[in-house]
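The values are calculated or read from the model by the stated rules, or taken from the named source; none is laboratory data. Keep in mind that what you see is a predicted model, and the values were worked out from it rather than measured. So basically every Cβ, Gly included, is an ideal-geometry build from the backbone, and we count neighbours across all protein chains shown. Surface areas here come from the heavy atoms of the whole protein model, side chains and all, with no ligands, DNA or RNA. Shrake-Rupley method; radii C 1.70, N 1.55, O 1.52, S 1.80 Å.
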Amino acid sequence: MRTDDLDFHLPPELIAQAPAAHRAESRLLHYRRPDRSIAHRTFADLPSLLRRGDLLVFNDARVVPARFMLKKETGGGVEGLFLGEDTPGRWRALLKNVGRGEPAMHFADASDVPVRIVERRDAGEFLLAVETRERALVLLSRVGRMPLPPYIKREKEHDARDDADCERYQTVYARVPGAVAAPTAGLHFTDELLKQLDAAGVEKTFVTLHVGIGTFRPVTADTLDRHVMHSESYTLSADAAGMLNRATRDGRRIIAVGTTSARVLESQPADEAFVERTAETSIFIYPPYEWRHVGALITNFHLPRSTLIALIAAMVGLDEQRRIYRAAIEERYRFFSYGDAMLIE
């Protein structure tokens, strides 16, 4: 399959720069595979669209405020994105505008914390020595900003919308810190909506997949089979495995909330029971694909030429994916992380 098959023109004004005023007020495109029907609803309609006994699988990863600014001794600014802390004080990060050599630097919002480059790696990644006794997540809580995707425009250092982003670029059920991008399909859920789903007999469980920087990277290979998929860590708990096994035994639908949950589920063996597991997955789902576990999907609208839109094409077929996206554009749905949602069943 050619990567060009996943391309489409999106009017730039449809790229959402802020979330809906209230989470569940986002629009919901409802697509039914049996009759290929498309209906236009709001996300608050979801409880009326699901069945008693359906099992929703959420990703409870919590986004860390991974964006930070460094200052060189010469006064220049360096943009950074935290990727992980392998050992105390040793950060993996992407840096922009760092220049040549190993300039002396400190955090723009913590001038008493020096930073030096230990190693330059591929694709703009660096190993940094951060000279503080604070663990990374503690320090980032006071110097970091939410790692919004590059298509959501904000001021480089401080923006009036930073506080709002801290709340809204996070699901209401986020629990396990470590992600550098939000599992955005979950951003539409509210505590009240979750209570309504409980009352309707819709079950829920949680997995954890820490969304990495690879989620922002487009497919650059000419064909999908030549694309090297990024790897991400996930955890499937014993409780989640038990609920998934019961749903499978009873013939009830397993509904992935987002592509991250779908990737965790589809990384499990097809003909075996779900078991507690912590592992890495680099699964790349694209047409043609035989789904193992996921019976329905809640997702946002994704970037052209991305691994995420390939996953949608794998679920509905390439021609239908194109038709759905044309309909969404004609109806002026809002796209990407802060945009509207789709239910595929």
Accessible surface of the range 148-187, 1.4 Å probe, proportion on carbon and sulfur as whole %
51
Per-residue ³J(HN,Hα) for the range 223-240, Karplus 6.51 cos²θ - 1.76 cosθ + 1.60, θ = phi - 60°, Hz, x for Gly and Pro
10, 5, 5, 9, 7, 8, 6, 5, 9, 9, 8, 9, 9, 10, 6, 4, 4, 5
Want the number for residue 277 to residue 155: 0.36 nm per residue separation, take away the alpha-carbon distance, what's left?
39.9 nm
Please work out the ratio of the alpha-carbon Rg of the range 16-124 to 2.2 N^0.38 Å and round it to two decimals.
1.73
What is the pair-distance distribution P(r) of the range 276-345, computed from all Cα-Cα distances in 10 Å bins starting at 0, with each bin given as a whole percent?
18, 51, 25, 5, 1
Percent accessible area from carbon and sulfur atoms, the range 63-142, protein chains only, probe 1.4 Å
45
Which residue, 281, 64, 130, has the largest displacement toward the positive end of the dipole of the chain when charges sit on each Cβ (Lys, Arg +1; Asp, Glu -1)?
64
What FRET efficiency, computed as 1/(1 + (r/R0)^6) with R0 = 25 Å and r the Cβ-Cβ distance, is obtained for residue 33 and residue 322, rounded to the nearest 0.05?
0.95
Springs between alpha-carbon atoms under 10 Å, Gaussian network over the chain: tell me which of 253, 100, 305 tops the mean-square fluctuations.
100
Candidate values (i) 21.9, 76; (ii) 19.4, 64; (iii) 20.6, 65, label of the one derived for Rg and Dmax of the Cα atoms in Å:
(iii)
Determine the per residue accessible area of the chain with all protein chains present and a 1.4 angstrom probe, expressed in square angstrom.
45
Of all the accessible heavy-atom surface of the range 189-345, with the other protein chains kept in place and a 1.4 Å probe, what percent is carbon and sulfur?
48
Computed FRET efficiency, Cβ-Cβ of residue 237 and residue 100, R0 45 Å: what is it to the nearest 0.05?
0.45
What 222 nm value per residue comes from the helices of the chain, counting each DSSP H run with n ≥ 4 as -39,500 (n - 2.57) and dividing by all residues, nearest 500 deg cm²/dmol?
-6000 deg cm²/dmol
Identify the chymotrypsin sites (Phe, Trp or Tyr not before Pro) of the range 275-345 meeting these criteria: DSSP loop state and at most 13 other C-beta atoms within 10 Å of the C-beta.
none
If we restrict to alpha carbons, what Rg and Dmax does the range 145-276 come to, in Å?
17.3, 52
Just need the relative contact order of the range 1-152 here, percent rounded to a whole number, with Cα pairs under 8 Å and 6+ apart.
20
In degrees between 0 and 90, to the nearest 10, how far off the longest principal axis of the chain does helix 318-330 point, with axes built from Cα atoms?
70
